[in-house]
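Chemist: The following block contains the structure, expressed as structure tokens.
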Amino acid sequence: MTNLNRIRVVVLGSSKTGKTAVTVRYLTKRYIGEYSSTSDFLYRHTVTFDNVTTEVEIMDTSKCAKAGCLYEHLRWGDAFVVVYSICDKSSFLEAEEYLSQLAKLKMPSYYYTTLLLGNKRDLDHTRKVSVDDGHELSLQYSCLFYEVSAAESSAGVSLAFQSVLREARSVQLLKTLPIRRKLGVNSVSKVLGNIFGKNSSKDRKKRPSLSI
């Protein structure tokens, strides 16, 4: 049963993309240097937006997600933040694989929210993944897209997380409606599009995005 007072977020991505850095930036506004971990970390956080207080559980995944825990992580989460480094093409390709796995597992019977998050915007001079590449991938999988720098500022990271949480809440509310049983995946996307003021395929290119 959907718990409207809780949103579970899974942070995915290859090593050295800054998954922990963006997670801690959002939770504390402090920047910590990247470090390697063999364990998952579960953070609990309470947020209030749109006059609603919600408990947020954020799972910062480790390498074990690739070693056999991925299925459990994907089943556990309501929303997913897929992180890649704009300086590392291989991390972008791995992000694409995560999005593909999500689509295979969650669709068509489960509705969820996904954010594709390009990190290390401050290292633009060593960029290997263009902004257009990120936009195109987000359009392919109908997910939110942001480019941020966890090292430089908490503003972009905070806006990105707030965006995915707000959309996750909208999806939760949608699942409580009796009409949901008659909705296919495309119909759900249209309903969410109406919620966010996007009513045509052309408008999909206007999904919330940020490069800061």
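Chemist: From (1) open to solvent by 40 Å² or more (accessible area, probe 1.4 Å); (2) under 25 Å from Glu55 (Cβ atoms), pick out the condition that doesn't hold for Ser163.
Modeler: The number of the failed condition is (1).
Chemist: Same structure, new question: Which residue pairs have Cβ atoms under 7 Å apart, sit 6 or more places apart or on different chains, and have a first residue in the stretch 125-136 that is in contact (Cβ under 8 Å) with a residue 40 or more places away in the chain and a second that is basic (Lys, Arg) and open to solvent by 60 Å² or more (accessible area, probe 1.4 Å)?
Modeler: From the stretch 125-136, the pairs are Lys128/Lys89; Val129/Lys89.
Chemist: May I pose another question? Just to be sure before I move on: is Tyr111 aromatic (Phe, Trp, Tyr) and over 16 Å from Phe145 (Cβ atoms) in the structure I sent?
Modeler: yes
Chemist: Looking at Leu115 and the list (1) open to solvent by 70 Å² or more (accessible area, probe 1.4 Å); (2) touching a helix residue (DSSP H, G or I) at 6+ places or on another chain (Cβ under 8 Å); (3) modelled with pLDDT of 90 or more, which single condition is not satisfied?
Modeler: It fails just one condition, (1).
Chemist: Follow-up question, since we're still on this one. Please count how many residues of the stretch 18-40 are open to solvent by 80 Å² or more (accessible area, probe 1.4 Å) and of a type in the set (Phe, Trp, Tyr).
Modeler: Matching residues across the stretch 18-40 total 2.
Chemist: I've got another one for you. Before we move on, is Ser153 assigned to a loop (DSSP other than H, G, I, E, B) and open to solvent by less than 10 Å² (accessible area, probe 1.4 Å)?
Modeler: It is false that Ser153 is assigned to a loop (DSSP other than H, G, I, E, B) and open to solvent by less than 10 Å² (accessible area, probe 1.4 Å).
Chemist: Restricting to the stretch 129-150, and then to whatever is charged (D, E, K, R) and assigned to a helix (DSSP H, G or I), can you tell me which residue is nearest to Ala79 (Cα to Cα)?
Modeler: It comes out as Glu136.
Chemist: Hey, another quick one. Of the numbered conditions (1) in contact with a strand residue (DSSP E or B) (Cβ under 6 Å, 6 or more places away or on another chain); (2) β-branched (Val, Ile, Thr); (3) at pLDDT below 80, Ile212 satisfies every one except a single condition; which is it?
Modeler: Exception for Ile212: condition (1).
Chemist: From the residues in the stretch 135-150 that are surrounded by 16 or more Cβ atoms within 10 Å (Cβ to Cβ) and of a type outside the set (A, V, I, L, M, F, W, C), which one is nearest to Leu105 (Cα to Cα)?
Modeler: That would be Tyr141.
Chemist: Looking only at the stretch 50-81, filter to residues that are under 17 Å from Lys19 (Cβ atoms) and modelled with pLDDT under 80; which one of those is most open to solvent (accessible area, probe 1.4 Å)?
Modeler: Lys66
The values are calculated or read from the model by the stated rules, or taken from the named source; none is laboratory data. Since this is a predicted model, take the numbers as computed values, not measurements. All Cβ positions, even for glycine, are placed from backbone atoms using ideal geometry, and neighbour counts span all protein chains on display. SASA here: full protein model, heavy atoms, side chains in, ligands and nucleic acids out. Shrake-Rupley method; radii C 1.70, N 1.55, O 1.52, S 1.80 Å.
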